[in-house]
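The values are calculated or read from the model by the stated rules, or taken from the named source; none is laboratory data. Just so you know, these numbers come straight off a predicted model, no measurement behind them. As a convention, Cβ positions derive from the backbone with ideal geometry for all residues, glycine included, and neighbour counts pool all protein chains shown. All accessible areas refer to the heavy atoms of the entire protein, side chains included, with ligands and DNA or RNA removed. Shrake-Rupley method; radii C 1.70, N 1.55, O 1.52, S 1.80 Å.
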Amino acid sequence: MSPIQPWYKQFWPWFLITLPLCAVIASLATMKIAVDNKDALVAEEYYKEGKAINMELRENKYAKQLGMQFSLDITDNMLSFTQHGGPAYHAALNVQLYHPTLAEKDIKLMATADASGVYRVALDKPISGNWDVRLESYDRQWRLHKRLDLKSPSQHWLN
């Protein structure tokens, strides 16, 4: 009979230790990846954001009650908004264009009406494709929101 070797010189104890150790290392690596790359869609303060969404819906409903309606004309680098319904509105408009997937392309501008009542927004470069277009009163009492396929030249209705 050969003498019994100490446990640390045998194969099977190291094999049995290695399997759980690999699982622990893999779970720590997965946890680090999850912590470093948080999901932007999950809100920290979901309750407050939910209440804000309800406020937005109220502003949209109020615009419908007033009968607010604007046409959007697109030519090259210019957006023109003309009111066609609702009580006459002459104050500035908050114009917001949201790209559906790329937040860095979002555009937020303030537009004032010219003498003929047309709100014009000059853009740095032409835009095309699907965009969420929001028109909001200066005092944030009403809002029109619609997803549009923007291309030049074209006309769209926001109501």
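With respect to the stated conditions, Glu49 is modelled with pLDDT under 90, of a type in the set (D, E, K, R) and either in a loop (DSSP other than H, G, I, E, B) or open to solvent by 60 Å² or more (accessible area, probe 1.4 Å) (or both).
Any idea which residue in region 108-155 is surrounded by the most Cβ atoms within 10 Å (Cβ to Cβ), counting only those that are acidic (Asp, Glu) and either in contact (Cβ under 8 Å) with a residue 60 or more places away in the chain or farther than 15 Å from Leu72 by Cβ (or both)? Spell out how you get there, then give the answer.
Applying the first criterion (acidic (Asp, Glu)) to region 108-155 yields 114, 124, 132, 136, 139, 149.
The next check asks that each one be either in contact (Cβ under 8 Å) with a residue 60 or more places away in the chain or farther than 15 Å from Leu72 by Cβ (or both); those that pass are 114, 124, 136, 139.
On the way: Asp114: 10, Asp124: 7, Glu136: 20, Asp139: 9.
Ranking the candidates gives Glu136 first.
When each of Tyr98, Tyr89 is tested for being within 22 Å of Gly129 (Cα to Cα) and either of a type in the set (Gly, Ala, Ser) or open to solvent by less than 60 Å² (accessible area, probe 1.4 Å) (or both), the lone residue that passes is Tyr98. Beta carbons closer than 9 Å, at least 6 apart along the sequence or on distinct chains, pair a first residue in region 60-79 that is part of a loop (DSSP other than H, G, I, E, B) with a second that is among the small types (Gly, Ala, Ser) for Gly67/Gly85; Gly67/Gly86; Met68/Gly85; Met68/Gly86; Met68/Ser137; Asp76/Ser152; Asn77/Ala122; Asn77/Ser152. Quickly run through region 1-46 and pick out the residues that are under 30 Å from Leu102 (Cα atoms), open to solvent by less than 100 Å² (accessible area, probe 1.4 Å) and either modelled with pLDDT of 90 or more or in a helix (DSSP H, G or I) (or both). Within region 1-46, Ala29, Thr30, Ala34, Val35, Asp36 qualify.
If you check Tyr98 against the conditions, is it closer than 26 Å to Ala52 by Cβ, among the hydroxyl-bearing types (Ser, Thr, Tyr) and in contact (Cβ under 8 Å) with a residue 40 or more places away in the chain?
In short, no.
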